[in-house]
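Worksheet: the structure to be examined is printed underneath.
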């Protein structure tokens with residue numbers, strides 16, 4: 001049995017104080033967003049029908065200038081999510097579509113212009129970068145990409161489609 005004099009000792013007071021403060025601190029939570037990935041979502045469409053299209057080609061996307069692979073050898077793809085640079089005003093993406101039947105590669109380059117805005121949830125959470133798409137231009141030497149359309153300018157945490165890429169899908 002614990003006596004009242006035992007509870008008044010300096011050590012027991014320190015232990016009780018430490019336990020109380022740990023209990024108080026453990027109840028505090030930090031409200032950081034769990035899904036804090038910011039990526040631009042590109043979807044593929046048939047230029048002939050305007051319908052969503054599933055690529056039969058093998059797709060690889062690299063960041064031009066760094067040759068960093070952003071998406072590697074995807075197949076049966078309807079859409080992709082690609083990270084965006086934090087500080088550059090324009091990202092240049094090289095799309096390579098490899099047809100396994102004909103063993104040919106169609107290449108195209110997209111220049112994605114944007115503004116970048118730092119986003120802070122709270123001082124306890126890491127900062128992220130939100131983007132606002134301003135324009136997209138493309139170069140498709142063989143005409144595989146017919147057009148590109150911005151469908152949602154704001155690139156944030158959500159996973160909504162930002163860009164439609166219309167491809168010539170008929171042989």
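The values are calculated or read from the model by the stated rules, or taken from the named source; none is laboratory data. Predicted model, so just to flag it, every value in this text is computed and none were measured. So basically every Cβ, Gly included, is an ideal-geometry build from the backbone, and we count neighbours across all protein chains shown.
General observations
- The number of residues in region 52-75 being in a loop (DSSP other than H, G, I, E, B) and either modelled with pLDDT under 90 or in contact with a strand residue (DSSP E or B) (Cβ under 6 Å, 6 or more places away or on another chain) (or both) comes to 8.
- Among residues of region 88-104 being without any contact (Cβ under 8 Å) to a residue 40 or more places away in the chain and under 26 Å from the mean Cα position of the chain (by Cα), the one that is surrounded by the fewest Cβ atoms within 10 Å (Cβ to Cβ) is 89.
- Members of region 120-133 that are more than 20 Å from residue 90 (Cβ to Cβ) and without any contact (Cβ under 8 Å) to a residue 60 or more places away in the chain: 120, 123, 127
- Meets criteria (modelled with pLDDT under 90, within 19 Å of residue 45 (Cα to Cα) and surrounded by fewer than 17 Cβ atoms within 10 Å (Cβ to Cβ)) for residue 160: yes
- Verdict on residue 101 being part of a loop (DSSP other than H, G, I, E, B), farther than 17 Å from residue 39 by Cβ and at pLDDT 85 or above: yes
- Top-ranked residue of region 133-157 - restricted to ones that are at pLDDT below 90, over 14 Å from residue 109 (Cβ atoms) and in contact with a strand residue (DSSP E or B) (Cβ under 7 Å, 6 or more places away or on another chain), ranked as surrounded by the most Cβ atoms within 10 Å (Cβ to Cβ): 155
- For region 44-70, a residue qualifies if it is surrounded by fewer than 17 Cβ atoms within 10 Å (Cβ to Cβ) and within 30 Å of residue 126 (Cβ to Cβ), and the qualifying residues are 64, 65, 66, 67, 68, 69.
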